[in-house]
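Enquirer: Before I ask anything, here is the structure I am working with.
The values are calculated or read from the model by the stated rules, or taken from the named source; none is laboratory data. Just so you know, these numbers come straight off a predicted model, no measurement behind them. Please note: Cβ atoms are built from the backbone with ideal geometry, for glycine as well, and neighbour counts cover all protein chains shown. What goes into the accessible areas is simple: the full protein's heavy atoms, side chains included, and nothing from ligands, DNA or RNA. Shrake-Rupley method; radii C 1.70, N 1.55, O 1.52, S 1.80 Å.
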Amino acid sequence: MNFEKNFKLAMKRDFLIITDIKEDEKELRSLLQTNKPKKLLFKNQEKVYLIELVPDTDHLNYYPCKEVSADIHVNEAIKLLEKHQFIVLKEKKNYIGYLSTFDLFTLLRNEYKQLNAYYQAILETMDGSCTVIDANQNVLVWTKGAEKLFSVKQKDIIGKPITNFFNPERLELLNTLKSGDSLQHKQHKAREDLVVLINSNPVYLEDQIIGAVVSEIDITSQIRLNNELNNASEKLFELEREANRFVPEDPFKLIRGNSRTLKKTTSMAEKAASTSTNILIHGESGVGKELFAKAIHTIREGNKAPFIAINCGAIPSSLFESEMFGYEKGAFSGADNKGKKGKVELAQGGTLFLDEIGEMPLEMQVKLLRLLQEKKFYAVGGTKEKTVDFRVIAATNRILKDLVEEGKFREDLYYRLNVVSLEIPPLRKRPEDIIELTHYFLYEISIKYNRPIYGISQEVMQALLNHEWQGNIRELKNVIERLIVFSEDGQVKLEHLPFEIDGLAVKNNSMTSIYENDSRPLADRLQEVERKILLHELDNESGNKNAVARKLQITRATLYNRLNKLGIKN
C-alpha cells in the first residue's frame, strides 16, 4: 500500500476555471448544471474560491481554498485540510485538481480498511504466540499460537486485563509497557513448566507508550533436550578420556584444524616423528608448539616415556645450569641436602623439550652443544660424569638465523638443533580453522563450567574471523572462555568480546546492502565469486597456473576453461 500515491489519486479533477465573474448567479447555476458534477474554481486576485450548487436547491456555496504546490507532502496536506475545507493543487501556474476534507476522510477510511485486512490476515497466518495489550493492560490481540501455548481461548481473554489470567510477576510484557524497554531473544520462565524465548516492544504514539507487543516461542523441550545432551556429552567426554588410556590414538588428532597450511605442517611433523633426529619448531606465541612437540614425542617414545619441558626464557641465568643439569648435595649455599636431578637426567629415555630456545644464555649454549654431541654431562658440584639418552625438540618464536648474525646464538648449536625445521602457521593465516577451534572450545569449556551454550551467532563468528589473533590459539581459547563466563540464557554476546570491532557493523551493513540491491541471477553472482577466487589465487601464486590448479584441486584443463569463460587473461 502506498498512501501518498493513493492521496494523489484521490485528487478531484472535475472542475472549470473562471477568472472573472460577469455572469449573475442564474448563469452560474446554469453553468454548473450543464457541466455537472464539475465544480467551478474562481481565481480572484490572490484568493481562490470553489463554487458548488447545493443539491436539491438553487443556492450557491462559495468556499475559500488554500492554494498549494502539486508536490506538497501528504502530511502537510493533511494539516492544511484540518484548517481549510478545500485545497487546490497547482503545477507550473496551472490548477490540476482539488481535494476536500470529505475526500480525505474517505481515503483514510479505505486505507484503514486495507490495513486492518492485512493485519487480520497476518495474525491468522502466524503459528507463533503474539500478544498485544493497551495502556490499561487490556488484551487487544491474542493469536491462535497464544491459545495453544497458554491454553486460554481468544474469546475469553480479548478486552480483559491480562493480569486476570497470569501472575504479574511473570509478565515481561508489563515491564515493557512500564519502562519502554525492548527485549530480543530473551529466555523467560512463563510458568513452572514452561520456558519461552520472547521478543517484546512498546507501542509508541507521538512519544507516548500506548501499549506493548510480545511474541513467544516455546523452547521448553529444547531446553530439556539440551540439558540431556549436555549431560550425555559430559559422560561421553569422560568415557573418551578413559578409553584413551587403553586404546592408542593418533596424537596429532588433538591438533584441531583442517586448513591446507596446518595439514602440511602436520604431515611434515608425522614424518619427522618416525626418526630420532633433532627437531626445531618455529611459530608465534600461542600457536601450539608444545602440542606439536608432545604429539611427536608420543609417536617416537610412547605415552609412558618422560616428556620434560624447560622454558629457557623463564629461568634466571644464575639458576639455569642447576635447573638443567641438577646438582649434588652441598653444591652451593641453599641447595637441597639430598641434591636434585636436572631436567636432562629426568628426560632419560624420553624427550627434552627446550621451549623458547632463543632466550638461552650464551654460556649455557656451549654446555648444551656438548651435551647434544656427547650425551654426557656433569651435575653442578659433581665430579662424576653422567651419560644420558634422550630426544631433543626445541621451539622458538624468534628467528634464530638473525640471532646468530647478531652474535646472540651460537651458529654450531643452531645447525645442531635445526636438522628438521617445522613452521607452525599463525591463526590469522588459516582463518578456516577459527570456526572449528571456536566450536571445539565452546563445547569443551561449556562442559567445564556446566554452562550450556545453544550456538554462536553469525555476528559473533564474523567478529572472531575478522580479528588478527596476535596471541593465536591461546588468545582464542581465552576469548571463548570469557564469552562463556558472561553468557546469558545459553547465548554468547558480541558486547563481551574483549577487542574492538568498530569496522564490523559497517562491513556487514555494506555486504547486506550489496545483496539486497543485487537482482542478478544466481549463476551470475556465483561467477563473480569464482572470478574473485581465481584472481586471488593467481596473484598468490604469481600467475603460476599449475600451482593454482593443484591448490584448488582441479585439472589444469578445467582451470584454463574457467579462465576463458570468465574472461580472465594473462
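Enquirer: Considering only the other residues whose Cβ falls under 11 Å of the Cβ of Asn311, what net charge follows from Lys and Arg at +1 and Asp and Glu at -1?
Expert: On the way: positive: Lys343; negative: Glu290, Glu323, Asp355, Glu356, Glu359.
For residues surrounding Asn311, the net value is -4.
Enquirer: Within region 77-164, report the trypsin sites (Lys or Arg not before Pro) that DSSP leaves as loop and that have at most 13 other Cβ atoms within 10 Å.
Expert: Working: sites: Lys79, Lys83, Lys90, Lys92, Lys93, Arg109, Lys113, Lys144, Lys148, Lys153, Lys155; in loops: Lys83, Lys92, Lys93, Lys153.
Taking region 77-164 and a limit of 13 other Cβ atoms within 10 Å, the loop trypsin sites (Lys or Arg not before Pro) found are Lys83, Lys92, Lys93, Lys153.
Enquirer: May I ask you to rank Met11, Met268 by accessible area, largest first, using a 1.4 Å probe over the protein chains only?
Expert: Values: Met11 20, Met268 90 Å².
Heavy-atom accessible area, descending, gives Met268, Met11.
Enquirer: Between region 361-410 and region 312-330, how far is it from one alpha carbon centroid to the other, in angstrom?
Expert: Centre-to-centre (Cα) distance: 13 Å.
Enquirer: What's the center-to-center distance, using Cα atoms, between region 259-311 and region 38-75 in Å?
Expert: Taking the Cα centre of each part, region 259-311 and region 38-75 sit 93 Å apart.
Enquirer: Using r as the Cβ-Cβ distance of Lys341 and Lys264, and R0 as 45 Å, what FRET efficiency do you calculate, to the nearest 0.05? Don't skip to the answer; put the middle values down first.
Expert: Values: r = 39 Å, r/R0 = 0.86.
Once the sixth-power term is evaluated, E becomes 0.70.
Enquirer: Let me ask another. Name the GluC sites (Glu not before Pro) in region 522-553 that are in a loop by DSSP and that have at most 16 other C-beta atoms within 10 Å, would you?
Expert: On the way: sites: Glu528, Glu530, Glu537, Glu541; in loops: Glu541.
Here the GluC sites (Glu not before Pro) that fit, given the DSSP loop and packing criteria, are Glu541.
Enquirer: Can you list the lysines whose alpha carbon is less than 17 Å from that of Lys155, not counting same-chain residues fewer than 8 positions off?
Expert: Lys144
Enquirer: Ok, one more. Which loop GluC sites (Glu not before Pro) in region 10-118, with loop taken from DSSP, have no more than 10 other Cβ atoms within 10 angstrom of their Cβ? Present the calculation step by step, with values, prior to reporting the outcome.
Expert: Details: sites: Glu23, Glu25, Glu27, Glu46, Glu52, Glu67, Glu76, Glu82, Glu91, Glu111; in loops: Glu23, Glu46, Glu82.
Qualifying residues, ordered by number: Glu46, Glu82.
Enquirer: Looking at [x] 55; [y] 21; [z] 33, which value of percent of Cα pairs over 43 Å apart comes from a calculation on the structure shown?
Expert: Answer by label: [x].
Enquirer: What is the Cα centroid distance between region 455-485 and region 431-450, reported in whole angstrom?
Expert: 9 Å
Enquirer: What distance in nm separates the simple spin-label points at Asp389 and Lys83, each placed 7 Å from Cα in the Cβ direction?
Expert: 10.6 nm
Enquirer: Share of antiparallel DSSP beta bridges in the chain, in percent to the nearest 5? List each step's numbers first, then the result.
Expert: Working: 49 of 75 bridges.
Looking only at bridges with both residues in the chain, the antiparallel portion is about 65 percent.
Enquirer: Taking only protein heavy atoms and a 1.4 Å probe, what accessible area per residue, in Å², does the chain have with all protein chains in place? Numbers along the way, then the final one.
Expert: Details: 34150 Å² over 570 residues.
Heavy-atom SASA per residue in the chain reads 60 Å².
Enquirer: Straight-line reach from Lys271: which lysines have a Cα under 22 Å away, not including same-chain ones fewer than 8 places off?
Expert: Candidates past the 8-residue exclusion: Lys253, Lys263, Lys289, Lys294, Lys304, Lys551.
Enquirer: Would you mind finding the longest exposed-site-free stretch of the chain, with exposed chymotrypsin sites (Phe, Trp or Tyr not before Pro) meaning DSSP loop and at most 13 other Cβ atoms within 10 Å? Write out the running numbers ahead of the final one.
Expert: Working: sites that count: Phe246, Phe332, Phe486, Phe499.
My reading of the result: 1-245 is the longest stretch.
Enquirer: Could you tell me which helices of the chain pass both thresholds, a Cα extent of 15 Å or more along their own axis and a mean Kyte-Doolittle hydropathy of at least -0.5, with helices taken as whole DSSP H runs? Display every interim value, and only then the final one.
Expert: Numbers: long enough: 101-125 (36 Å, -0.25); 220-243 (34 Å, -1.00); 260-273 (20 Å, -0.82); 289-301 (18 Å, -0.31); 362-374 (19 Å, 0.21); 432-449 (27 Å, 0.11); 472-485 (20 Å, 0.19); 502-517 (24 Å, -0.57); 522-540 (27 Å, -0.58).
Helices meeting the span and hydropathy rule in the chain are 101-125, 289-301, 362-374, 432-449, 472-485.
Enquirer: Another question, then. Give, as ranges by residue number, the residues of region 77-120 whose backbone N falls under 19 Å from the point 7 Å along Cα→Cβ of Leu60.
Expert: Only 86 fall inside the zone, counting backbone N under 19 Å.
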